[in-house]
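K.L.:
This is the structure, below, for whatever I ask next.
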Amino acid sequence: MRALVAMGAATAHHVRALEAYSTPLHGSAVHFALVERPDTAFDEAGPAHAGDVLVRVHAFSCNYREKGRLLQAARRAEGGYLVLGSEFAGTVLKVGSAVEDLRPGDRVFGDGAVDATLAHPGLSTQRASQELQVLPRAKLMRFPAEMSFAQAAAFGVGAQTAYSMVRRLRPARGAHIAVTAATSNTSLFVIGALVARGHTVHALTTSAAAVPQLRALGVRDCCVLTRSEAADPLLQAYLAAQGIEKFDAVVDPFMDIYLRKLVRHLRRDGSYITCGVYQQFSEEAPDGFIDQGLPLAEVFSLIVRKNISLIGNNLGTTGDLAEALADHCAGRLPIPLDTVTGPDGLADFVQRTWLASGRHGKVVFEYGPGGPANMGSEQ
């Protein structure tokens, strides 16, 4: 079976690659390779896999947080490689004896539900590029034939996170909601979810070129923040032009960039929900745009004085993912899919996923025809 891996130079010299690509990333040389790995063992009659499913992956994608993990792998003194991938779509090959509601041929993707009552909360896998996956039945969801494998591999994490944040935000009808980093994958899904429910969305972005695409999604308007200007006067001017004093709520995937800039522009009793931070890996140089904003002590003081609800969010529930899938199937939720590559397109996949500017949605790697020669051999 095939898998996409990342590693440093010392390991790359010893890995036989079907395809390879190397690039500098945040001051480190990272080597990517499509490799052959031993097929995964699966005994559908045995007790060890009673509640599991063997899935053949047809398409996969990577998420932003993987950049930090692959950099660690590339810099690791003891070597070794990291199998990449947070999202996948595939078909069921075999099911364990206790699995009654899936059968071979079903189309499935991962369910990243974080319900604490589950035996496996969180992502279905962090090795989604591995062509054979043995996964608990509870971490899989069917998707319809009308949805391509590439679309499904771009759907789960962003849609589940977005619908969880909108559910927990509980915006009132008529609320003015700012969505930061509007071209990020999560924010594109958030915009889709909010627009589908009739809310007024203000898109915040540092990309002026993305404004037409964002407006086409149904946002009220876009506030373009430039890295060469202070954000505060731009935000004040935008709010004045919109005829509103403050935002009612903020949805933000990168709290370390935007919280210090936006808390003063959020109304009393407003809500701020976030699902992550931008700086998950070492930077070679300070970033003046990230560092803009109020001192943290003043941010915390404003949150208390203005009765602001600050909410942290990690993924979502199975219900959130099911609701997002239903909205997509009903034509209410577009899937932000930027590019689909495949074998012989590894360089394009890496460049577009982690290095390209102007990306609009997920980059998906789709395996070609064929597959593992032995679907159930021992490792």
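The values are calculated or read from the model by the stated rules, or taken from the named source; none is laboratory data. This structure is a prediction, so every number in the text was calculated from the model and none was measured. Please note: Cβ atoms are built from the backbone with ideal geometry, for glycine as well, and neighbour counts cover all protein chains shown. Ligands, DNA and RNA are excluded from the accessible area calculation, which covers all protein heavy atoms including side chains. Shrake-Rupley method; radii C 1.70, N 1.55, O 1.52, S 1.80 Å.
K.L.:
If LEU217 meets every condition in (1) free of Cβ contacts under 8 Å to residues at least 12 places away in the same chain; (2) farther than 25 Å from ILE303 by Cα apart from one, which number is that one?
P.N.:
Against the list (1) free of Cβ contacts under 8 Å to residues at least 12 places away in the same chain; (2) farther than 25 Å from ILE303 by Cα, LEU217 comes up short only on (1).
K.L.:
Further question: May I ask you to verify whether ALA113 is open to solvent by 10 Å² or more (accessible area, probe 1.4 Å), out of contact with any strand residue (DSSP E or B) (no Cβ under 9 Å at 6 or more places or on another chain) and not aromatic (Phe, Trp, Tyr)?
P.N.:
In short, no.
K.L.:
In the stretch 35-67, which residues are open to solvent by 10 Å² or more (accessible area, probe 1.4 Å) and either closer than 21 Å to GLY361 by Cα or assigned to a strand (DSSP E or B) (or both)?
P.N.:
Answer for the stretch 35-67, where residues must be open to solvent by 10 Å² or more (accessible area, probe 1.4 Å) and either closer than 21 Å to GLY361 by Cα or assigned to a strand (DSSP E or B) (or both): GLU36, ASP52, ARG56, HIS58, ASN63, TYR64, ARG65, LYS67.
K.L.:
So, one more: Considering only residues that are in contact with an Asp or Glu (Cβ under 8 Å, 6 or more places away or on another chain), at pLDDT 95 or above and not in a helix (DSSP H, G or I), which ones fall in the stretch 141-174?
P.N.:
MET141, ARG142, ALA154, PHE155, listed by residue number.
K.L.:
Among the residues of the stretch 18-32, are any of a type in the set (Phe, Trp, Tyr) and surrounded by fewer than 21 Cβ atoms within 10 Å (Cβ to Cβ)?
P.N.:
Looking through the stretch 18-32, at least one residue is of a type in the set (Phe, Trp, Tyr) and surrounded by fewer than 21 Cβ atoms within 10 Å (Cβ to Cβ).
K.L.:
Take the residues in the stretch 237-253 that are within 21 Å of THR183 (Cβ to Cβ) and either in contact (Cβ under 8 Å) with a residue 40 or more places away in the chain or within 28 Å of the chain's Cα centre (by Cα) (or both); name whichever of them is surrounded by the fewest Cβ atoms within 10 Å (Cβ to Cβ).
P.N.:
GLN242
K.L.:
Among the residues of the stretch 161-177, is there at least one that is polar (S, T, N, Q) and under 30 Å from VAL83 (Cα atoms)?
P.N.:
Within the stretch 161-177 (the criterion being polar (S, T, N, Q) and under 30 Å from VAL83 (Cα atoms)), the answer is yes, since at least one residue qualifies.
K.L.:
Any residue at all in the stretch 87-101 that is assigned to a loop (DSSP other than H, G, I, E, B), more than 23 Å from VAL277 (Cα to Cα) and open to solvent by less than 10 Å² (accessible area, probe 1.4 Å)?
P.N.:
Yes, the stretch 87-101 contains a residue that is assigned to a loop (DSSP other than H, G, I, E, B), more than 23 Å from VAL277 (Cα to Cα) and open to solvent by less than 10 Å² (accessible area, probe 1.4 Å).
K.L.:
Step by step: first the residues of the stretch 221-233, then only those that are free of Cβ contacts under 8 Å to residues at least 24 places away in the same chain and surrounded by fewer than 16 Cβ atoms within 10 Å (Cβ to Cβ), then the one that is farthest from TYR258 (Cα to Cα). Which residue is that?
P.N.:
It comes out as ASP221.
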